[in-house]
């Protein structure tokens with residue numbers, strides 16, 4: 001068994017004069033939940049389509065479960081595309097069985113697993129309804145069931161939260177956690193950083209086809225300094241470890257509110273100890289760690305987040 005579920009090595013994909021993916025290399029270990037993050041047009045979907053052998057790279061190599069991309073991997077893969085597409089005249093259960101058969105399952109096994117998934121998704125009563133009779137949210141649940149019916153070793157989800165209401169976003173997050181607990185490797189692309197913060201062990205930030213960051217969520221947050229909001233009776237501009245102190249106004253009775261930006265690598269607790277050690281009185285403090293959204297904007301810029 002390969003020590004990685006997915007590996008891209010110096011992968012480039014061009015379409016005429018346009019470079020959609022530019023010398024991209026990364027690896028996803030077996031059993032990881034890996035976030036593939038970037039704004040619109042960053043190259044996420046193109047990269048995933050190369051993994052699935054829908055399109056071929058211009059240069060570089062890809063390994064999927066220790067093999068080259070190809071149809072022989074289908075039994076161990078699950079895929080939820082960004083562009084949802086289902087046969088509207090088919091019933092929910094027949095749709096799931098159809099995709100299960102494409103992945104090498106017997107009709108009986110696919111039907112048994114499909115009915116269990118529909119029950120878990122609250123759609124047991126709709127198993128024999130045709131898809132054109134289902135709401136958009138219901139149809140998306142059917143497509144998710146089709147992606148996981150074979151209990152894939154590698155589950156690839158392209159912008160899976162797009163168009164889902166908050167309840168169904170929570171259901172999808174639960175399914176990602178369930179698949180990972182069942183031993184699957186999960187790779188999902190998104191431009192919504194909050195989902196990645198809650199789900200990912202590691203992530204990659206992509207902008208204009210190029211890798212800008214790869215690592216854990218904590219690694220990403222450490223790229224930006226932490227901030228403290230404190231209410232104190234004396235200026236705090238001379239405290240070691242404080243890169244900048246912005247006075248934000250009076251808080252009454254001689255107290256002032258400050259926003260402290262810490263120097264890289266400095267822990268908030270250390271700064272508070274130094275403030276107390278310097279004899280400065282504090283009435284209140286709040287710590288704010290950078291969010292993944294903050295880091296994303298820092299790395300790719302506001303334009304890259306929406307391009």
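Every number in this text was worked out from the coordinates using simple rules, so none of it is lab data. Just so it is clear, the model here is predicted, and its values are computed rather than measured. So basically every Cβ, Gly included, is an ideal-geometry build from the backbone, and we count neighbours across all protein chains shown.
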Angle check, please: helix 92-102 long axis (alpha carbons) against the longest principal axis of the chain (alpha carbons), in degrees 0 to 90, nearest 10. 80
Degrees separating the helix 136-148 axis from the principal Cα axis of the chain, which is the longest one: 80
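With the cut-off at 32 Å, report for segment 4-221 the share of all Cα pairs above it, as a whole percent.
Details: 3899 of 23653 pairs.
Here the tail beyond 32 Å accounts for 16 percent of pairs.
Arrange 83, 197 by Cβ neighbour counts within 10 Å, fewest through most, would you? Each step should come with its number before you reach the end.
Numbers: 83 8, 197 16.
Going from least to most buried by this count: 83, 197.
Using the number of other C-beta atoms within 10 angstrom as an exposure proxy, rank 98, 87 with the fewest first. Don't jump to the answer; show the numbers that get you there.
Details: 98 17, 87 12.
Listed from fewest to most nearby Cβ atoms, that is 87, 98.
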Please compute the Cα-Cα pair-distance distribution of segment 148-292 with 10 Å bins starting at 0, giving whole percents from short to long. 10, 30, 21, 18, 16, 5, 0
On C-alpha positions alone, give me the angle between the axis of helix 107-120 and the longest principal axis of the chain, in degrees, nearest 10. 40
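Under 8 Å for C-alpha pairs, at least 6 residues apart: give me the relative contact order for segment 4-221, rounded to a whole percent. Before the final figure, lay out the partial values.
Values: 426 pairs, mean separation 64.2, N = 218.
After rounding, I find 29 percent.
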Expected unfolding gain across residue 68-residue 10 under the 0.36 nm per residue rule, minus the alpha-carbon gap, is 19.4 nm
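Quick one: order 195, 256 by neighbouring beta-carbon count within 10 Å, fewest to most. Please report the intermediate quantities before stating the final value.
Numbers: 195 20, 256 17.
Neighbour counts put them in this order, fewest first: 256, 195.
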Give me the one-decimal nm value for the distance between modelled label points at residue 291 and residue 251, 7 Å along each residue's Cα-to-Cβ direction. 2.3
In deg cm²/dmol and to the nearest 500, what is the mean residue ellipticity at 222 nm of the chain if only DSSP H runs of at least 4 residues count, each as -39500 (n - 2.57), divided by the residue total? -10000 deg cm²/dmol
Separation between Cα centres of segment 169-209 and segment 1-39, rounded to whole Å: 15
